[in-house]
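Enquirer: Just passing along the structure, written as structure tokens.
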Amino acid sequence: MTTAERVPAADILAPARLGPVTVRNRIIKAATAEGMTPDGLVTDELIDFHRRLAQGGIGVTTLAGCAVAPDAPSATGQIVLRREAVPGLRRLTDAVHAEGAAASVQINHAGPVADVRANGLPAIAPGKLFSLISLRNSRPATAADIERVTQNFVDAALLAVESGFDVVELHMGHNYFVSSFLSPKLNKRTDGFGGALENRARVARDVARRVRDAVQDKAAIIAKLSMDDGVPGGTWLDEALQTAQWLDQDGSLDALEMTVGSSLYNPMYLFKGEAPVADFAAVMPQPVKLGVQMFGKLALKEYPYRDLYLLEQARQFLPVVKTPLILLGGVTDRAGMDTAMAEGFGFVAIGRALLREPDLINQIAANPGKRSLCVHCNRCMPTVYTGTRCVLTTP
Ligand SMILES: Cc1cc2nc3c(=O)[nH]c(=O)nc-3n(C[C@H](O)[C@H](O)[C@H](O)COP(=O)(O)O)c2cc1C
Ligand code: SF4
């Protein structure tokens, strides 16, 4: 289908289908690690965080980065999707549903970005990769590891459905496990998971297919896919377009959220704007603190911010896939949302502007000229270690 053949622009605020689920509008709160689960289980604070977003008018709120296995978390306290977590997750989805929104959960294996010290387990990746965060090398994953992680995604997705989530988001970006296999820079394997893109895309396609087979239409299945990881020699648009087409042809996904960046080697590439080096150093334990103070400016490269900063890249995918696409990156106001709809995107996802004002959507519904108060200073990023919040809002 070409862009020209797409149906007339949808109303961003009208109900829509996301796979088997009807959502009240086309606005998704993008996953922003909450840092509110010190024991790896849902807390009242986490429920309140998502309840406020649901009350604020979004269609779908996303519980960020739940780990699919004990070796999968990228930070201390991340929820590992296991039976013990289900009652708390159920309370969270009930609270979101009571406010009329749908609940999504992002499920992930951090792969080379796994927090080795917190997990007490080695990080696994396509090969031996050095992590600036854990200051250690990952271990090359065996075929048995890959099969185990794929099954971990399936089991986690089933627990998410049991917990009442309407949407399961598979993380295929940011150089975490699945995306590290896609990258020609990080994946130098010579077996059936390396070399040609067809081999490097196997993990992504298998995870999506097997999760879909298990979940069927009990929830929408979406994926966050990197278009470009901002790492020289890494994933770039040409390969991402092909991967998206394969995922589209496989028919396993109900939507694709287009992202960029590498949590391993180029974290600011996703965000654009200022790098909050001093704020990061302040919350890091030694010796990482010293490393951030000395090399933070080098590691956290800055890129200019502008609204809809991923539009030019994301629109390349519109003519080649039928799967609805989610536009992410600097969506902050009604004009940006309308542009996304006019271009043919199915949904928009918003991170920072909703941290700044959880009720932004209600405000926009009442006043289409409403401008976001987020200044994209990125100082909310280091708050993921202490309870995610906008530093400009009063506590
Ligand atoms: C504090 C914070 C935490 C984030 N945590 C995650 C995360 O856990 N998983 C993820 O995929 N993206 C994460 N992101 C990225 C957002 O999902 C989103 O892609 C990014 O902020 C760009 O969208 P925006 O311009 O609307 O903020 C995070 C962003 C922020 C600001
Ligand atoms: S700290 Fe607040 S104003 Fe700054 S980027 Fe985050 S949400 Fe926006």
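The values are calculated or read from the model by the stated rules, or taken from the named source; none is laboratory data. Keep in mind that this is a model prediction, so the values were computed, not measured. Please note: Cβ atoms are built from the backbone with ideal geometry, for glycine as well, and neighbour counts cover all protein chains shown. We work out accessible area using only protein heavy atoms, side chains counted, and drop any ligands, DNA or RNA first. Shrake-Rupley method; radii C 1.70, N 1.55, O 1.52, S 1.80 Å.
Enquirer: Is it true that Ala118 is open to solvent by 10 Å² or more (accessible area, probe 1.4 Å), in a helix (DSSP H, G or I) and free of Cβ contacts under 8 Å to residues at least 24 places away in the same chain? I'd like the intermediate steps shown before the answer.
Expert: Numbers: open to solvent by 10 Å² or more (accessible area, probe 1.4 Å): yes; in a helix (DSSP H, G or I): yes; free of Cβ contacts under 8 Å to residues at least 24 places away in the same chain: no.
No, not satisfied.
Enquirer: Yes or no: region 280-297 includes at least one residue that is crowded, with 17+ Cβ neighbours inside 10 Å and closer than 30 Å to Arg202 by Cβ. Explain how you work it out, then say what you get.
Expert: Narrowing region 280-297 to residues crowded, with 17+ Cβ neighbours inside 10 Å: 280-281, 284, 288, 292, 296.
Filter once more, so that each one left must be closer than 30 Å to Arg202 by Cβ: none.
No, the conditions are met nowhere in region 280-297.
Enquirer: If a residue counts only when it is open to solvent by less than 10 Å² (accessible area, probe 1.4 Å) and within 21 Å of Leu158 (Cα to Cα), which strands (runs of 3 or more DSSP E) contained entirely in region 1-74 have at least 3 such residues? Before the answer, list the steps.
Expert: Values: elements: 16-18, 21-23, 27-29, 60-67.
Hits in region 1-74: 60-67.
Enquirer: Inside region 373-387, can you point out the residues that are closer than 23 Å to Tyr309 by Cα and assigned to a loop (DSSP other than H, G, I, E, B)?
Expert: Across region 373-387, the qualifying residues are Leu373, Cys374, Val375, His376, Cys377, Asn378, Arg379, Cys380.
Enquirer: Return the pair list, or none, for Cβ contacts closer than 8 Å from residues in region 369-384 that are free of Cβ contacts under 8 Å to residues at least 40 places away in the same chain and hydrophobic (A, V, I, L, M, F, W, C) to residues that are in a helix (DSSP H, G or I) and more than 9 Å from ligand 1 (Cβ to nearest atom), at least 6 apart or on different chains.
Expert: The qualifying pairs are Leu373/Arg356.
Enquirer: Looking only at region 371-394, count how many residues are farther than 18 Å from Pro38 by Cβ and more than 6 Å from ligand 2 (Cβ to nearest atom).
Expert: So the first thing to find is which residues in region 371-394 are farther than 18 Å from Pro38 by Cβ, and the list is 371-381, 390-394.
Still in the running and more than 6 Å from ligand 2 (Cβ to nearest atom): 371-373, 381, 393-394.
The qualifying residues number 6.
Enquirer: Can you tell which of Leu225, Leu135, Leu158 is open to solvent by 60 Å² or more (accessible area, probe 1.4 Å), under 20 Å from the mean Cα position of the chain (by Cα) and not acidic (Asp, Glu)? Before the answer, list the steps.
Expert: Details: Leu225 fails: open to solvent by 60 Å² or more (accessible area, probe 1.4 Å); Leu135 fails: under 20 Å from the mean Cα position of the chain (by Cα).
Every option except Leu158 fails the conditions.
Enquirer: Within region 334-357, can you find the residues that are within 16 Å of ligand 2 (Cβ to nearest atom), open to solvent by less than 20 Å² (accessible area, probe 1.4 Å) and not aliphatic (A, V, I, L, M)?
Expert: Gly336, Gly351, Glu357
Enquirer: If you don't mind, another one. Run Asn199 past the list (1) open to solvent by less than 40 Å² (accessible area, probe 1.4 Å); (2) polar (S, T, N, Q); (3) farther than 20 Å from Leu63 by Cα and report the number of the one that doesn't hold.
Expert: (1)
Enquirer: Just to be sure I understand, how many residues within region 177-196 are open to solvent by 30 Å² or more (accessible area, probe 1.4 Å) and within 19 Å of Lys224 (Cβ to Cβ)?
Expert: So the count comes out to 0.
Enquirer: Give just the number: which of (1) touching a Leu at 6+ places or on another chain (Cβ under 8 Å); (2) more than 20 Å from Gly387 (Cα to Cα) does Met294 not satisfy?
Expert: All conditions are met except number (1).
Enquirer: Which of (1) within 13 Å of ligand 2 (Cβ to nearest atom); (2) in contact (Cβ under 8 Å) with a residue 60 or more places away in the chain; (3) open to solvent by 60 Å² or more (accessible area, probe 1.4 Å) is the odd one out, the single condition Gln316 does not satisfy?
Expert: Looking at each condition in turn, Gln316 falls short on (1).
Enquirer: So, one more: Consider region 229-242. How many of its residues are surrounded by fewer than 24 Cβ atoms within 10 Å (Cβ to Cβ), on the phi < 0 side of the Ramachandran plot and under 19 Å from the mean Cα position of the chain (by Cα)? I'd like the intermediate steps shown before the answer.
Expert: Step one: filter region 229-242 for residues surrounded by fewer than 24 Cβ atoms within 10 Å (Cβ to Cβ), giving 230-234, 236-239, 241-242.
Still in the list and also on the phi < 0 side of the Ramachandran plot: 231-232, 234, 236-239, 241-242.
Those still in the list that are under 19 Å from the mean Cα position of the chain (by Cα) too: 231, 234, 236-237, 241.
The number of residues fulfilling the criteria is 5.
Enquirer: Here are some residues: Ala255, Ala244, Ala240, Ala219. Which one is in contact with a Pro (Cβ under 8 Å, 6 or more places away or on another chain) and either free of Cβ contacts under 8 Å to residues at least 60 places away in the same chain or under 19 Å from Ala314 (Cα atoms) (or both)?
Expert: Numbers: Ala244 fails: in contact with a Pro (Cβ under 8 Å, 6 or more places away or on another chain); Ala240 fails: in contact with a Pro (Cβ under 8 Å, 6 or more places away or on another chain); Ala219 fails: either free of Cβ contacts under 8 Å to residues at least 60 places away in the same chain or under 19 Å from Ala314 (Cα atoms) (or both).
Sole residue among the options that is in contact with a Pro (Cβ under 8 Å, 6 or more places away or on another chain) and either free of Cβ contacts under 8 Å to residues at least 60 places away in the same chain or under 19 Å from Ala314 (Cα atoms) (or both): Ala255.
Enquirer: Test of understanding: among Arg136, Arg202, Arg189, which residue is more than 22 Å from Gln245 (Cα to Cα) and either at pLDDT 95 or above or touching a Ser or Thr at 6+ places or on another chain (Cβ under 8 Å) (or both)? It would help to see each step written out before you state the result.
Expert: Numbers: Arg136 fails: either at pLDDT 95 or above or touching a Ser or Thr at 6+ places or on another chain (Cβ under 8 Å) (or both); Arg202 fails: more than 22 Å from Gln245 (Cα to Cα).
Answer to the selection: Arg189.
Enquirer: Check whether at least one residue in region 220-228 is of a type outside the set (Phe, Trp, Tyr), within 16 Å of ligand 1 (Cβ to nearest atom), over 30 Å from Gly164 (Cβ atoms) and at pLDDT 95 or above, and report yes or no.
Expert: yes
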